[in-house]
Amino acid sequence: ETGVTQTPRHLVMGMTNKKSLKCEQHLGHNAMYWYKQSAKKPLELMFVYSLEERVENNSVPSRFSPECPNSSHLFLHLHTLQPEDSALYLCASSPGTSGGAQSETQYFGPGTRLLVL
Amino acid sequence: GNSVTQMEGPVTLSEEAFLTINCTYTATGYPSLFWYVQYPGEGLQLLLKATKADDKGSNKGFEATYRKETTSFHLEKGSVQVSDSAVYFCALKSGNTPLVFGKGTRLSVIA
């Protein structure tokens, strides 16, 4: 596999369920990101990890819990979600988080389409 | 703070028409500028980028020139195809602040 992969591609869950989204990058990058893309809203940055350490958390509700066990893998653990959390969740990676466009260019996975009932 | 403003969509064009999608930005310092494209059912893909004033990014027939004097990075293509139908996002990165995206412009090309 090459690039950034995400599983599952589609997920339907009830508000009391617990599920996890997985992201894996095969690019040797040091930074990984979670974004939320909702219809008719700008792309929202949720979390940023650099060298497995969280460096950005944009006031995301605690029902979303990220985990970055190593620089190639990123998880988003979900519990007690609300219907308004239904969206496309995108993972991205980049060589670094600063130091010019080459190191900061982000590469995206295909996303997980989440529906919360 | 940093921000990106894109023209509102959707944009509908006939095949072989000329495309312009406007993008202007506000940023501190000297940002890098990007265009990303999202095809239906997929994630975002980097289309092109420019790192300094007067740089021109180009890819797949698309071009955008970094204009510092007008703080713009408009996307152009001389002859669009049906396969170019997608959502296009302008974005900027400045210093240690996160990548900032515009709201996206949906392009539909009809045969």
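Considering every residue in A:37-43, what mean count of other chain Cβ atoms within 10 Å of its Cβ is obtained?
That average works out to 4.
Which value results for Rg/Rh of chain A when Rg is the Cα radius of gyration and Rh the Kirkwood radius based on the inverse mean 1/r?
Using Cα coordinates only, the ratio equals 0.96.
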Legend entry - Simple spin-label estimate for B:Leu13 and A:Val55 in nanometres, 7 Å along Cα-Cβ: 3.6 nm
Legend entry - Å² per residue, accessible surface of chain A at 1.4 Å: 47 Å²
Inset, instruction - State to the nearest 20 debye the size of the charge dipole of the protein assembly as shown about its Cα centre, where the only charges are +1 on K and R beta carbons and -1 on D and E beta carbons. - result: 360 debye
Legend entry - Cysteines without a disulfide-compatible partner [chain A; Cβ-Cβ under 4.7 Å]: A:Cys68
Inset, instruction - Which order do the peptides A:80-88, A:29-37 take when ranked by the mean count of other beta-carbon atoms within 10 Å per residue, highest first? - result: A:29-37, A:80-88
Inset, instruction - Let me know the mean shielding of B:38-46 by other chains, meaning the per-residue number of their Cβ atoms within 10 Å of its Cβ. - result: 6
Legend entry - Assigned charges on the beta-carbon of Lys, Arg, Asp, Glu; chain B dipole about Cα centre (debye): 360 debye
Inset, instruction - Show which lysines lie in cross-link reach of B:Lys56 when reach means a straight Cα distance below 24 angstrom and same-chain residues fewer than eight apart are skipped. - result: B:Lys68, B:Lys77, B:Lys93, B:Lys103
Legend entry - Partner chain coverage, peptide B:99-106 - average Cβ within 10 angstrom: 4
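Give me the percent of accessible area attributable to carbon and sulfur for segment A:1-71, probe 1.4 angstrom.
Values: 1790 of 3950 Å².
For segment A:1-71, the apolar C and S fraction of the accessible surface comes to 45 percent.
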Legend entry - Total accessible surface hidden between A and B, rounded to 100 Å², 1.4 Å probe: 1500 Å²
Inset, instruction - Give the whole-number value, in cubic angstrom per residue, of the convex hull volume spanned by the C-alpha atoms of chain B. - result: 91 Å³
Legend entry - Whichever lysines have a C-alpha closer than 21 Å to that of A:Lys19, once near sequence neighbours (fewer than 8 apart) are set aside: A:Lys36
Legend entry - Gain in span if fully extended, A:Leu117 to A:Val12, counting 0.36 nm per residue against the direct Cα distance: 37.1 nm
Legend entry - 15 Å reach of a label modelled at A:His73, 7 Å along Cα-to-Cβ, counting backbone N of segment A:1-35: A:5-8, A:20-26
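The values are calculated or read from the model by the stated rules, or taken from the named source; none is laboratory data. Given the structure is predicted, the values throughout are model-derived calculations rather than measurements. Note that each Cβ is placed from the backbone with ideal geometry, even for glycine, and that neighbours are counted across all protein chains shown. Only protein heavy atoms, including side chains, enter the accessible area calculation; ligands, DNA and RNA are left aside. Shrake-Rupley method; radii C 1.70, N 1.55, O 1.52, S 1.80 Å.
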